[in-house]
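*Asks:* Once you've had a glance at the structure underneath, I'll fire off some questions.
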Ligand code: FES
Ligand code: FE
């Protein structure tokens, strides 16, 4: 909590969740409850969902609209900018020497957006979000900037489920573990995947990229993941967009749009192209993780196709989804068995594909050829270990942005 979650830029909302002034959602940063609110001036504010009087929660709703948050305990009221506006017996405070209303607003986080995704950190010393994401932004555009008009989360909120696993299991799985799909998801995914590019065992057209601990394993199949949702109409529609997406992003990144792929933005924000499920793995102690998942679509997509995405992503990656259940069982049992004293001290094998074996030249970030590899997982834990060890930001290294990614901005 102290070394990783209190310092990192954490995903808190998609701007579409708080589209209108005075709308808000509540979520978590680590184990701290936070409010993400759009103030009257359109600015997005992120603050601790905790009253500075005695610490009570000030908002119990998942989302909503309103002018202020009023604490249940003694009635202190805060504006959408987090400022303390009023409280019962205000005169007693005002008569107290040195008391100033402006000193007692809700604790505010730094908030910045990248193409619709809002991130926040409570660390004043943290680098900018642009530096934190670095060249990963160039790849993120493959899902965030594939169509005119940006993206949105499908309305209706998140699916939420609790798994009895450590948060690092799902984060590790999404950052680079396509290997498990060949076995864990064999029953659900194999028949459709075979016809749409599948998992590429050979190196050509399949990659892992890592930047600052964030990672994405992918191939150039364009529709590989999407195919497993089992909706021919949707695939036909997606195929009809291929040329336009390639014209916008170039063929390389267009190939990533719905391909067999998964990604994690360090530490706990992951997504799957193709299903476009975006999820946070919220730690609840070391042995429990709450998963919040949304479906992201281009805003310009026809409503019927958005609805097909809703059903397709629910059918595959939701608490009752065909593929999500496969994963959950493995993460829970891995967490439980690794808790044994002897077990937790054994060495685990992250040896697949020696690091630096094949590096693709000219692509931003640390790119290795072949999506079947432990390269991203090694770099995810390298970042985790760096943050756990570092007393100061200066002790944590960041990859400088590349000319290619900068030019694409
Ligand atoms: Fe919120 Fe007292 S704890 S008003
Ligand atoms: Fe899986």
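The values are calculated or read from the model by the stated rules, or taken from the named source; none is laboratory data. Because the structure is a prediction, the values reported are computed rather than measured. Backbone-built Cβ (ideal geometry, glycine too); neighbour counts: all protein chains shown.
*Asks:* Can you tell me which residue within region 220-240, out of those that are modelled with pLDDT of 95 or more and crowded, with 20+ Cβ neighbours inside 10 Å, is nearest to residue 176 (Cα to Cα)?
*Replies:* Top of the filtered list is 238.
*Asks:* From the list 99, 47, 69, which one is assigned to a loop (DSSP other than H, G, I, E, B) and either more than 11 Å from ligand 1 (Cβ to nearest atom) or more than 25 Å from the chain's Cα centre (by Cα) (or both)?
*Replies:* 99
*Asks:* Let me ask something additional. Please find, among 300, 320, the residue that is without any contact (Cβ under 8 Å) to a residue 60 or more places away in the chain, more than 20 Å from the chain's Cα centre (by Cα) and either more than 16 Å from ligand 2 (Cβ to nearest atom) or in a loop (DSSP other than H, G, I, E, B) (or both).
*Replies:* 320
*Asks:* Failed condition for residue 126, given (1) in a loop (DSSP other than H, G, I, E, B); (2) at pLDDT below 95; (3) within 21 Å of residue 215 (Cβ to Cβ), with all others met?
*Replies:* Among (1) in a loop (DSSP other than H, G, I, E, B); (2) at pLDDT below 95; (3) within 21 Å of residue 215 (Cβ to Cβ), the lone unmet condition for residue 126 is (2).
*Asks:* Those residues that are under 20 Å from residue 150 (Cβ atoms) and either out of contact with any strand residue (DSSP E or B) (no Cβ under 6 Å at 6 or more places or on another chain) or at pLDDT below 95 (or both), I need them from region 257-291; list them, please.
*Replies:* Within region 257-291, 257, 258, 274, 275 qualify.
*Asks:* Tell me which of these residue 33 doesn't satisfy, since it passes every other one: (1) under 23 Å from residue 16 (Cβ atoms); (2) more than 16 Å from ligand 1 (Cβ to nearest atom); (3) within 19 Å of the chain's Cα centre (by Cα).
*Replies:* Just one mismatch for residue 33, condition (2).
*Asks:* Spot the failing condition for residue 352; the list is (1) more than 16 Å from ligand 2 (Cβ to nearest atom); (2) more than 30 Å from residue 204 (Cβ to Cβ); (3) in a loop (DSSP other than H, G, I, E, B), and only one is missed.
*Replies:* Residue 352 satisfies every listed condition except (2).
*Asks:* Any residue in region 54-70 that is over 18 Å from residue 81 (Cβ atoms) and modelled with pLDDT of 95 or more sitting within a Cβ distance under 6 Å of a residue that is within 12 Å of ligand 1 (Cβ to nearest atom) and outside any loop (DSSP other than H, G, I, E, B)? List the pairs, counting only those 6 or more apart or interchain.
*Replies:* none
*Asks:* So is residue 189 in contact (Cβ under 8 Å) with a residue 12 or more places away in the chain, buried (at least 19 other Cβ atoms within 10 Å of the Cβ) and over 22 Å from the mean Cα position of the chain (by Cα) or not?
*Replies:* yes
*Asks:* Tell me, please, whether a residue that is within 16 Å of ligand 2 (Cβ to nearest atom), modelled with pLDDT of 95 or more and over 25 Å from residue 229 (Cβ atoms) can be found in region 167-182.
*Replies:* The answer is yes, given that some residue of region 167-182 is within 16 Å of ligand 2 (Cβ to nearest atom), modelled with pLDDT of 95 or more and over 25 Å from residue 229 (Cβ atoms).
*Asks:* Same structure, new question: Looking at region 76-93, which of its residues are surrounded by fewer than 18 Cβ atoms within 10 Å (Cβ to Cβ) and more than 29 Å from the chain's Cα centre (by Cα)?
*Replies:* Correct list: 77, 85, 86, 88, 89, 90, 91, 92, 93.
*Asks:* Just to be sure, is residue 174 touching a strand residue (DSSP E or B) at 6+ places or on another chain (Cβ under 7 Å) and part of a helix (DSSP H, G or I)?
*Replies:* yes
*Asks:* Taking the condition within 8 Å of the chain's Cα centre (by Cα), within 16 Å of ligand 2 (Cβ to nearest atom) and under 18 Å from residue 137 (Cα atoms), does residue 270 pass?
*Replies:* Taking the combined requirement at face value, the residue satisfies it.
*Asks:* Would you check if there is a residue in region 137-150 being in a helix (DSSP H, G or I) and either at pLDDT below 95 or over 17 Å from residue 296 (Cβ atoms) (or both)? Steps first, please.
*Replies:* We begin by selecting, within region 137-150, every residue in a helix (DSSP H, G or I); these are 137-144.
Filter once more, so that each one left must be either at pLDDT below 95 or over 17 Å from residue 296 (Cβ atoms) (or both): 138.
Yes, the conditions are met somewhere in region 137-150.
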